[in-house]
Structure formats: C-alpha cells, structure tokens
Amino acid sequence: MLLTLLAVLMAQALSSVIWLSQLRATQMEGLVTSARSLAYSMAASVSYFR
C-alpha cells in the first residue's frame, strides 16, 4: 500500500515537472513572437517616415 502511494506521488511530481517545463517553453515562445512582431512594427514605422 505504501509503495503504491509512493509510486503515485512520484508519477504526479514527474508529470508536474514536465508540465511546468512545457509551460515555460510556451511562454518563452510567445514572448519571442511578441518581441519579433514589435520589432517588425517599429521597422515599418521608421521606413514609412523616411
């Protein structure tokens, strides 16, 4: 019984670690996309006013 409980807790902890790493990767990807979009927008504004 104790071994089963320990195995379940370990599996939940492992899945939480994987989920958090995926979440961070997704957030970083979104941040890079937003920064790239902002840079393109600024470049377009600069070239428009030239």
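The values are calculated or read from the model by the stated rules, or taken from the named source; none is laboratory data. Quantities reported herein were computed from a predicted structural model and do not represent experimental measurements. For neighbour counting, all protein chains shown are included, and Cβ atoms are generated from backbone atoms with ideal geometry for every residue, glycine included.
Applying a threshold of 6 Å to beta carbon distances and a minimum spacing of six or more residues, or different chains, the list of pairs starting in the range 4-15 at a residue that is on the phi > 0 side of the Ramachandran plot and ending at one that is exposed (fewer than 10 other Cβ atoms within 10 Å of the Cβ) and of a type in the set (Ser, Thr, Tyr) is empty. Here Ser45, Ser21 are screened, and the one residue that is modelled with pLDDT of 90 or more and within 23 Å of the chain's Cα centre (by Cα) is Ser21. Quick check on the range 32-39. Is at least one of its residues over 14 Å from the mean Cα position of the chain (by Cα) and not aliphatic (A, V, I, L, M)? Looking for residues that are over 14 Å from the mean Cα position of the chain (by Cα) and not aliphatic (A, V, I, L, M), one finds at least one in the range 32-39, hence yes. Residues in the range 1-39 that are surrounded by 10 or more Cβ atoms within 10 Å (Cβ to Cβ) and hydroxyl-bearing (Ser, Thr, Tyr): Ser15, Ser16, Ser21, Thr26, Thr33, Ser34, Ser37.
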